[in-house]
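All remarks here apply to the structure that follows.
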Amino acid sequence: MRRRSFLAAAGAASAAALIGPWVRRSRAATFGAFPGGTTAVQLPDGVRARRVLEVFLYGGLSCWESLYFVRGYGAPDDPQYPGSQYYALAADNAAALASCGAADVARPFAADALGAPVELGPFADRLWQRSDLVARMRLVVQRHALLPHEAAVPQALTGRPIGQPGAAGLGTHVQRARLDAGQTPDRASPYAYVFAAGGVSSDNVAAAAATGDHPGVARPLMIETDRAGFTQLLDRGALGGDRAGHDALVAAYADQYAARLTWPGRGRVRSAATDAAASAFATQRRAGAIHGVLRDELLAPITATACGQTAVDYPLVGLQAARALLTHPTEPASYVCVVDNGLVGTTGGSGYDTHVHNAAATAANLDNLLAGLVAILNAPGEADPTKLSLDDTLVILNTEFGRTPLAQPGTDGRNHHPGGYVTAFLGGPITAAERGVWGAIGRDGLATQFATPGENRIAALLALGIWPFAPEGYNISDVPGATSEVEAAGRAMMRFLGRTA
């Protein structure tokens with residue numbers, strides 16, 4: 001095998017995101033460790049989350065029908081903006097609500113920064129029915145200026161605008177921190193996973209597993225739930241019965257190449273790509289152990305019905321796999337992202353990209369997602385070890401932007417709207433004392449007080465006890481107005497977690 005062929009093959013293995021043990025560290029300090037002088041923004045051990053389940057509502061969730069409904073805004077008699085927000089498609093929304101078997105009742109949640117009474121929208125009725133979850137939920141208004149999915153999706157997932165080479169997915173930061181801590185050096189399975197359907201390259205959804213400036217071993221394992229056979233690949237069947245011979249040959253070539261990068265008496269030169277290839281190869285040899293955690297049945301197709309619409313439910317496949325991986329008895333994951341592409345398709349492609357038929361698609365897809373989510377969260381008095389508990393799990397409902405407060409001209413849909421939308425954090429450090437709304441969206445549908453996608457990512461890391469400010473992480477400038485790392489951490493925590501420590 002020629003050197004070029006070996007590197008190409010090893011690079012492909014690295015792209016498969018099969019993690020492995022460290023080959024060498026890229027920096028002296030442990031990533032995610034809190035430096036001195038940061039005690040004021042360190043959550044106590046009993047408050048920190050042990051794991052994160054992130055659901056990415058792909059396409060841009062319309063908050064008016066779901067998480068941020070102010071009854072006085074946009075009504076027919078609204079003095080400034082009549083027939084907008086929820087009421088822009090009121091008749092369609094009522095029909096969709098009926099198809100879901102829910103009622104038009106008040107679902108009061110909390111007042112926003114303008115004093116407006118915010119309710120959960122009718123399409124989030126399944127969430128409203130779980131008062132224990134609502135009691136530990138914090139809604140945060142966000143805003144940015146990116147209209148295309150291709151730019152907004154990676155910004156929501158990484159906290160950085162598109163085009164920045166250092167942008168990394170939240171799971172990458174988590175996995176790097178867990179690996180660097182070195183608590184389980186012999187572990188074969190990943191600490192972070194991403195489940196998606198509909199093509200991970202679509203609109204840059206693959207940014208959820210972007211490595212940025214981290215080494216390749218920090219990349220989460222990304223799995224396309226609508227492509228069968230992934231777990232069978234872990235058995236390395238193409239090698240037949242000569243796996244040992246194959247591994248020995250590749251190892252010999254790798255050692256030969258590493259020797260060419262070693263200066264006598266001075267050690268190895270830096271070569272991040274070679275390190276990543278070596279780590280990928282080391283994990284390939286342990287793929288069977290990974291298969292022991294990521295079992296075949298976790299990716300089996302599931303058919304479900306929501307609001308009268310039936311289809312193969314790939315979001316539910318992801319949620320069920322997330323439950324098993326996050327609660328695994330010996331090798332639990334620390335982060336799982338499930339990309340919700342929806343139960344039914346939309347005119348924009350999938351999920352919540354509802355340029356036409358906003359009500360029907362959003363109602364069915366959100367109802368389906370919430371049904372799957374509440375089913376894997378322990379209810380009060382329930383202590384199922386195979387389900388998640390908000391006492392040690394932070395659940396994030398994320399999306400790249402919202403939908404316009406007015407109907408898209410000539411349609412019954414809504415257009416992209418980054419000017420004011422909502423994300424939700426549930427559980428973990430958030431208790432009844434921290435629940436509520438941070439920020440505000442006005443009558444015109446624009447946010448008047450808002451956080452940024454970068455602050456969202458920073459707060460999630462702090463909730464896990466991971467310091468986010470490192471060369472591979474975030475900067476003070478990612479939190480507007482902050483003048484120090486401690487101040488930036490405090491602001492992000494206060495907005496998304498309701499805490500400063």
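The values are calculated or read from the model by the stated rules, or taken from the named source; none is laboratory data. Just so you know, these numbers come straight off a predicted model, no measurement behind them. Cβ: placed from backbone, ideal geometry, glycine included. Neighbour counts: every protein chain shown. The protein model used for the area step is the full one, side chains on, heavy atoms only, and it has no ligands, DNA or RNA in it. Shrake-Rupley method; radii C 1.70, N 1.55, O 1.52, S 1.80 Å.
Summary table below
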{"read-out": "Paramagnetic reach from Thr303 (point 7 Å along Cα→Cβ, amide N under 18 Å) across the stretch 319-360", "value": "343-345"}
{"read-out": "Protein accessible area in the stretch 428-470, 1.4 Å probe - carbon and sulfur %", "value": "52 percent"}
{"read-out": "DSSP beta bridge pairing in the chain, given as percent antiparallel to the nearest 5", "value": "50 percent"}
{"read-out": "Charge sum, other residues only, whose C-beta stays under 12 Å from Gln408's C-beta, Lys/Arg counted +1 and Asp/Glu -1", "value": "0"}
{"read-out": "Alpha-carbon Rg/Rh ratio, for the stretch 288-427, with Rh computed the Kirkwood way", "value": "1.02"}
{"read-out": "Solvent-accessible surface ranking, highest first, for His416, His173 at 1.4 angstrom", "value": "His416, His173"}
{"read-out": "Rounded if a/c under 1.5, otherwise prolate or oblate - the stretch 69-145, Cα gyration tensor axes", "value": "oblate"}
{"read-out": "All Cα pairs of the stretch 423-501, percent lying beyond 20 Å", "value": "31 percent"}
{"read-out": "Estimated translational D of the stretch 366-475 in µm²/s (Stokes, Kirkwood radius over Cα pairs; 10 °C; 1.306 mPa s)", "value": "95 µm²/s"}
{"read-out": "Average Cα contact separation per residue, the chain, under 8 Å, 6 or more apart, as relative contact order %", "value": "29 percent"}
{"read-out": "For the stretch 77-128 and the stretch 169-230, distance of Cα centres in Å", "value": "36 Å"}
{"read-out": "Disulfide-incompatible cysteines by the Cβ rule (no partner under 4.7 Å) in the chain", "value": "Cys63, Cys337"}
{"read-out": "Portion, in percent, of the accessible area of the stretch 373-425 that falls on carbon or sulfur, probe 1.4 Å", "value": "59 percent"}
{"read-out": "Rg [Å, one decimal], Dmax [Å, integer] - the stretch 401-441, C-alpha atoms", "value": "14.7, 45"}
{"read-out": "Residue-count net charge about Ala49 - beta-carbon cut-off 15 Å; Lys, Arg +1, Asp, Glu -1", "value": "+3"}
{"read-out": "Diffusion constant of the stretch 259-314 at 10 °C, which comes from Stokes-Einstein with the Kirkwood Cα-pair radius and 1.306 mPa s, µm²/s", "value": "101 µm²/s"}
{"read-out": "Ranked packing of 278-287, 156-165, most packed first, by mean Cβ within 10 Å", "value": "278-287, 156-165"}
{"read-out": "Assigned charges on the beta-carbon of Lys, Arg, Asp, Glu; the chain dipole about Cα centre (debye)", "value": "1920 debye"}
{"read-out": "Kirkwood Rh and Cα Rg combined as Rg/Rh, the stretch 295-376", "value": "1.03"}
{"read-out": "For the stretch 119-259, fraction of C-alpha pairs farther apart than 22 Å, in %", "value": "63 percent"}
{"read-out": "Kirkwood Rh in Å, taken over all unlike Cα pairs in the stretch 239-286", "value": "11.8 Å"}
{"read-out": "For the chain, alpha-carbon Rg over 2.2 N^0.38 Å", "value": "0.99"}
{"read-out": "Restricting the stretch 152-233 to trypsin sites (Lys or Arg not before Pro) in coil, as DSSP defines it, with at most 16 other Cβ within 10 Å", "value": "Arg227"}
{"read-out": "Mean separation of Cα contacts under 8 Å (6+ apart) over length of the stretch 416-484, as relative contact order %", "value": "23 percent"}
{"read-out": "Burial ranking of peptide ranges 118-125, 231-238 (average Cβ count within 10 Å, highest at the top)", "value": "118-125, 231-238"}
{"read-out": "Per residue value of the accessible surface for the chain (all protein chains in place, 1.4 Å probe), Å²", "value": "38 Å²"}
{"read-out": "The stretch 375-464, relative contact order in percent, only Cα pairs under 8 angstrom and at least six apart counted", "value": "23 percent"}
